[in-house]
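Shown next, in structure tokens, is the structure this report addresses.
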Amino acid sequence: MTRAPVLLALALSGAIAGCDVGPDPADVNRVREGTEAVRRQLRQPETAQFKGVAAHGDAVCGEVNASVGMGRTGYERFIVKKGEVTLASQLPTDAAMDARWAADCQP
């Protein structure tokens, strides 16, 4: 028996139907709101590039790279919690961001 008939048989039997493997719509919305909050903090929000963005509890965490007029800043971590944006560059030390990241951004 080939794979196609087996998959077809599983689908027809309902074994595959109802499998929901997509992201939680609420998390998708929170990530969207979080990235928009970060964009509002940037000098040139239209240049923002994001990576590794995810919802963790009541926080949205990730990295952003944007232009500051004379080039790009390079990716830096951010946390959005209760509507407040914290960029790594706003904190006095990397250790301060590491502590917040450990508290808010771990799965």
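Values computed for the structure shown
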read-out: Residues (at pLDDT below 95 and of a type in the set (Ser, Thr, Tyr)) located in segment 52-84; value: Ser67, Thr73
read-out: Selected residue (only one of Val28, Val38, Val68 is hydrophobic (A, V, I, L, M, F, W, C), surrounded by fewer than 16 Cβ atoms within 10 Å (Cβ to Cβ) and touching a residue at least 24 places away in the same chain (Cβ under 8 Å)); value: Val68
read-out: Of residues in segment 70-107 being within 14 Å of Ala59 (Cα to Cα) and polar (S, T, N, Q), the one nearest to the chain's Cα centre (by Cα); value: Gln106
read-out: Single condition Ala15 does not satisfy, out of (1) surrounded by 11 or more Cβ atoms within 10 Å (Cβ to Cβ); (2) at pLDDT 75 or above; value: (2)
read-out: Selected residue (criterion: farthest from Glu46 (Cα to Cα)) from residues of segment 71-107 that are among the acidic types (Asp, Glu) and loosely packed, with under 12 Cβ neighbours inside 10 Å; value: Asp94
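The values are calculated or read from the model by the stated rules, or taken from the named source; none is laboratory data. Just so we're clear, the structure is a prediction, and the values are computed from it rather than from any experiment. Note that we place each Cβ from the backbone using ideal geometry, even for glycine, and neighbour counts take in every protein chain shown.
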